[in-house]
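Here, each number is a calculation from the coordinates, and none is a lab measurement. Just so you know, these numbers come straight off a predicted model, no measurement behind them. Neighbour counts are summed over all protein chains in view; Cβ atoms, including those assigned to glycine, are modelled from backbone coordinates with ideal geometry.
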Amino acid sequence: MKTTDQINTAARKIAAARHSVALTGAGISVESGIPPFRGKGGLWEKIDPMKYAHIQYFLADPADVWRVLLKEMKTLLKTATPNAGHMGLARLEQMGLLKTIITQNIDGLHQRAGNTDVIEFHGNFADYYCIDCRLRQKFDDIDLRSLPPRCACGGVIRPDCVFFGETIPVNLLLRSREIASCCDLMLVVGTSAVVQPAAFMPAIAKDHGALVIEINPEPTPLTHTVSDILIQGKAGAVMTALIAELERLRS
Ligand code: OAD
């Protein structure tokens with residue numbers, strides 16, 4: 001099927017759905033200048049995730065993780081703004097056509113675009129806390145002149161995001177599973193769908209009878225197995241075209 005036909009079909013399905021949700025990954029933020037993790041130009045090409053993104057290594061050498069990964073990520077995220085992909089999902093919510101976003105991203109761009117119910121499955125880079133006294137801190141208040149940054153109590157400060165080797169907070173996992181089981185349409189945007197348990201949400205949705213629509217320039221393990229439709233393209237262009245078609249259907 002041609003991309004325009006797929007977009008028109010997807011728009012009709014979204015317009016008719018009773019309860020649509022989205023699962024997003026790093027790909028939706030690529031057009032905001034944030035590189036993905038995998039593939040060409042991905043972060044994991046430059047650094048080993050099983051070292052720098054693993055909790056055991058962070059606890060063993062937090063200064064190194066702050067120096068190699070966290071400082072750079074934070075600088076990137078500070079300048080990034082929502083792109084047409086994020087804006088499209090925010091418009092869907094405004095139109096009453098999207099209830100919740102489950103995101104693996106830690107950049108906060110969905111909320112900045114205007115979505116109000118965002119489950120941050122892997123946490124958020126804007127929030128930090130001391131690993132000893134658990135005092136919560138904002139990034140701008142953290143002194144990075146000496147690494148790792150430390151709390152007034154002397155404890156190491158860490159981002160409130162999920163490292164490899166850690167579990168997803170149980171409340172987020174349970175809510176995501178519930179949402180995946182009760183939706184009748186799931187948009188899966190910009191994820192390679194290889195990191196569990198997030199990648200399992202579309203399968204749960206499908207198993208409960210939902211239509212699964214992927215938006216990605218590349219096929220993923222979900223394509224032709226779990227997804228009903230893959231709209232092959234960048235999130236910004238596809239979301240813009242989808243919204244235009246939905247507005248047309250409404251007029
Ligand atoms: P990945 O980097 O694994 O995958 C990014 C996906 O986005 C790929 O399928 C790309 O084809 C697609 N993509 C690239 N550019 C795009 C664009 N402009 N529009 C739409 N899609 C595009 O990112 P995630 O699937 O989010 O976890 O990775 C999942 C998790 O792995 C992350 O949350 C992170 C990482 O390790 C933790 O750090 C715990």
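Brief remarks follow.
- Reachable lysines, given that their alpha-carbon falls under 29 Å from the alpha-carbon of residue 78 and they are not under 8 places away in the same chain: 40, 46, 51, 99, 138, 234
- Entry note, the chain: relative contact order of 25 percent, from Cα contacts under 8 Å with a spacing of 6+ residues.
- Gyration tensor (Cα) of the chain, equivalent ellipsoid semi-axes in angstrom: 34, 17, 17
- Dipole orientation for the chain: of the candidates 220, 85, 193, 85 has the Cα lying most toward the positive pole (charges on Cβ; Lys, Arg +1; Asp, Glu -1).
- With Cα atoms, 0 to 90° folded angle of helix 3-16 axis to the chain main axis: 90
- Each DSSP beta bridge with both residues in segment 110-251 is either parallel or antiparallel, and the antiparallel ones are about 50%.
- Equivalent ellipsoid semi-axes, segment 79-119, via Cα gyration tensor eigenvalues times 5, rooted, Å: 16, 12, 7
- For the chain, DSSP calls about 30 percent of its internal beta bridges antiparallel.
- A simple rule links phi to the HN-Hα coupling: the Karplus curve 6.51 cos²θ - 1.76 cosθ + 1.60 with θ = phi - 60°, which for segment 177-192 gives 5, 5, 5, 5, 7, 10, 7, 10, 8, 10, 8, 10, 10, x, 10, 6 Hz, with x for Gly and Pro.
- Projecting label points 7 angstrom from Cα along Cα→Cβ for residue 129 and residue 181 puts them 2.7 nm apart.
- Amide H within-cut-off set for residue 128, under 5 Å, with H built and near neighbours excluded: 137, 160
- Annotation: amide H-H contacts under 5 Å for residue 185 (H modelled 1.01 Å from N, sequence separation of 5 or more, or interchain): 19, 21, 211.
- Rg to Rh quotient for segment 25-152, alpha carbon positions, Kirkwood Rh: 1.00
- Residue 44-residue 64 pseudo-label distance in nm [points 7 Å out on the Cα-to-Cβ vector]: 2.0
- Couplings for segment 236-244, taken from phi via the Karplus curve 6.51 cos²θ - 1.76 cosθ + 1.60 with θ = phi - 60°, read x, 5, 5, 5, 4, 5, 4, 5, 4 Hz in order; Gly and Pro are left as x.
- Taken as Cα centroids, segment 25-61 and segment 163-242 sit 20 Å apart, rounded to the nearest whole angstrom.
- Close amide H contacts of residue 37 (hydrogens built in the peptide plane, cut-off under 5 Å, sequence separation of 5 or more or a different chain): 43.
- Given +1 at the Cβ of Lys and Arg, -1 at the Cβ of Asp and Glu and no other charges, the dipole of segment 94-145 around its Cα centre is 120 debye to the nearest 20.
- Summing +1 for each Lys or Arg and -1 for each Asp or Glu among the other residues whose beta-carbon sits under 14 angstrom from that of residue 203 gives -1.
- Neighbours of residue 168, meaning other residues whose beta-carbon lies under 15 angstrom from its beta-carbon, give a summed charge of -2 when Lys and Arg score +1 and Asp and Glu score -1.
- Mean residue ellipticity, 222 nm, helices only, the chain: the sum of -39500 (n - 2.57) across DSSP H runs of n ≥ 4, divided by residue count and rounded to 500, is -10000 deg cm²/dmol.
- Summed residue charge, Cβ within 9 Å of residue 183's Cβ, Lys/Arg positive, Asp/Glu negative: +1
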